Amino acid sequence: MRVLGIETTCDETAAAIVEVTRSGEAKILSNEVLSQIAAHAAFGGVVPEIAARAHVEAIDRIVGSAFERAGLKPADIDAVAAAAGPGLVGGVMVGLTTGKAIALVTGKPFIAINHLEAHALTARLTDDLAFPYLLLLVSGGHTQLLAVRGVGDYLKLGGTIDDAVGEAFDKIAKMLGLAYPGGPSVEREAEKGDPERFDFPRPMSGRPNPDFSLSGLKTAVRLVAERIAPLSDRDVADLCASFQAAVVDVMVDRTRAGLRACRAAGITPSALVVAGGVAANQPIRRGLTRLATEAGLPMVAPPVALCGDNGAMIAWAGLERLRLGLIDDMSAVARPRWPLDELRPQDLVPQDLAPRDAKAGE
Ligand code: KG4
Ligand code: ZN
């Protein structure tokens, strides 16, 4: 069984083909990712109009190379999956329309994928993980703790009440004049700095409800930076290291609360999983590994290449849905907002059994 996956929700134009062999082994046959970093760098963040145009220009070529690299033709796949949201609507429409067009021309089923579900299920592609598991989903737009109980079945345990953690990294980087995207820049600077020079707050620490707040931490960094300006290279490195140390503590403390909430809900997780762009951060991975060991759970983090947005995660989520008969049709629309815990119950009804008006994606 092979599925083409297309991802265009933010600033990566990506396409991939993933296969599950007869013996049940998952294989990534191709995974093409074109990052638009250069196009947005001058603006210090993603400009939606530039992103949408760049997706239009690149998508045919990227899908073409996904087939070429896999050594396959469109007729060789069993379904087409495309991210239908959440994300920047102009970009989402490019991938969604391309996916539908390929499905129409080849006569293959079409599957509209929730981008967050694709991040959430990546651990099953890489580590063949069993449900349920506890997921810390950390990206540029999302910071959530979820109990992943099954495909389409997510219990949100907590989330951020203000900034997403990736957003906090990006804003700190911008404030300190570091390159976009901020996460990798801050992590690099932090390696050279002293994590104990500044004692930044650890918001929400110790609270039983597994929610996050990051804007106060961001403000604390800004106030110190303004107080000690002009900043030397050492100051920048120390600010990054101290900020990142606070973020690691917050992620570990909040995930510990998430684990308790998960168990209190009667769910016994098989593992602790981290996913999303911020999951590439090594100190965060190390902190969560310590927590998992303390909790007696395996820790699963996708390889760095599968943490950021990519087509393989979309193709894999498509495969998971295809196996359950959860396919969509041409009425699937782009959804700029699409919370994971609101994947409608109708989505879990295989389409040939579903009532006419219960299709996904309106
Ligand atoms: O999942 P993703 O690629 O896109 C979204 O769906 O948002 O996540 C992108 C976010 C950005 O905020 C970026 O700064 C952050 O992930 N990020 C990192 C690292 N690599 C990427 N944050 C911290 N450390 C990193 N190494
Ligand atoms: Zn993402």
Over the chain, calculate the relative contact order: mean separation of alpha carbon pairs under 8 Å at least 6 apart, over the residue count, as a percent.
23 percent
So for the pair residue 223, residue 60, with labels modelled 7 Å out along Cα→Cβ, what separation do we get in nm?
5.5 nm
Full-extension gain in nm, residue 37 to residue 270, via 0.36 nm per residue minus C-alpha separation:
80.3 nm
Of 315, 123, 172, which is farthest on the positive side of the dipole of the chain, counting Cα position, with +1 on Lys and Arg Cβ, -1 on Asp and Glu Cβ, and the Cα centre as origin?
123
So what J values fall out for region 320-329 if you push phi through Karplus, 6.51 cos²θ - 1.76 cosθ + 1.60 with θ = phi - 60°, rounded to Hz, Gly and Pro as x?
4, 6, 4, 4, 9, x, 8, 10, 10, 9
So the angle from the long Cα axis of helix 165-175 to the longest Cα principal axis of the chain, reported in degrees to the nearest 10, equals 50 degrees
Of the lysine pairs in the chain, how many meet both conditions: Cα atoms under 24 Å apart, and a spacing of 8 or more in sequence or different chains?
14
For region 131-270, what is the relative contact order in percent, using Cα pairs closer than 8 Å and at least 6 residues apart in sequence?
29 percent
Sequence of 6, 17, 314 once ranked by neighbouring C-beta atoms within 10 Å, starting from the fewest
17, 6, 314
Using alpha carbons only, how many degrees (0 to 90, rounded to 10) separate the axis of helix 182-191 from the longest principal axis of the chain?
40 degrees
Express in whole angstrom the spacing between the alpha-carbon centres of region 288-325 and region 48-107.
22 Å
For region 238-278, what is the convex hull (Cα atoms) projected area averaged across all directions, in square nanometres?
3.4 nm²
Here the tail fraction of P(r) beyond 26 Å, over all Cα-Cα pairs of region 88-205, rounds in percent to 43 percent
Of 19-28, 83-92, ordering from highest average Cβ density within 10 Å down gives 83-92, 19-28
More than 26 Å apart - percent of Cα-Cα pairs taken over region 131-270
28 percent
Residue separation times 0.36 nm, minus the C-alpha to C-alpha distance between residue 156 and residue 75: what's the value?
25.3 nm
Find how much the distance from residue 304 to residue 53 grows on full extension, using 0.36 nm per residue of separation minus their present alpha carbon separation; answer in nm with one decimal.
87.7 nm
Hey, with R₀ at 51 Å, roughly what FRET efficiency would residue 130 and residue 101 work out to, going by the Cβ-Cβ distance, to 0.05?
0.90
What is the calculated FRET efficiency for residue 293 to residue 22, with r their C-beta to C-beta distance and R₀ = 30 Å, to the nearest 0.05?
0.25
Considering only DSSP beta bridges with both partners in the chain, what is the antiparallel share in %, to the nearest 5?
65 percent
Trypsin sites (Lys or Arg not before Pro) in region 178-250 lying in a DSSP loop, each with at most 13 other Cβ atoms within 10 Å of its Cβ, come to 192
For the residues 233, 309, 211, what sequence is obtained by ranking on other C-beta atoms within 10 Å, fewest first?
233, 211, 309
Would you mind giving the average projected area, over all directions, of the Cα convex hull of the chain in nm² with one decimal?
17.8 nm²
In the Gaussian network model of the chain, springs joining C-alpha atoms below 10 Å, which of 45, 276, 183 carries the largest mean-square fluctuation?
45
Could you calculate the FRET efficiency of residue 231 with residue 323 from 1/(1 + (r/R0)^6), where r is the beta carbon distance between them and R0 is 51 Å, rounded to 0.05?
0.45
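Taken together, the values in this text are just the output of simple stated rules run on the coordinates, not laboratory data. Given the structure is predicted, the values throughout are model-derived calculations rather than measurements. Please note: Cβ atoms are built from the backbone with ideal geometry, for glycine as well, and neighbour counts cover all protein chains shown.
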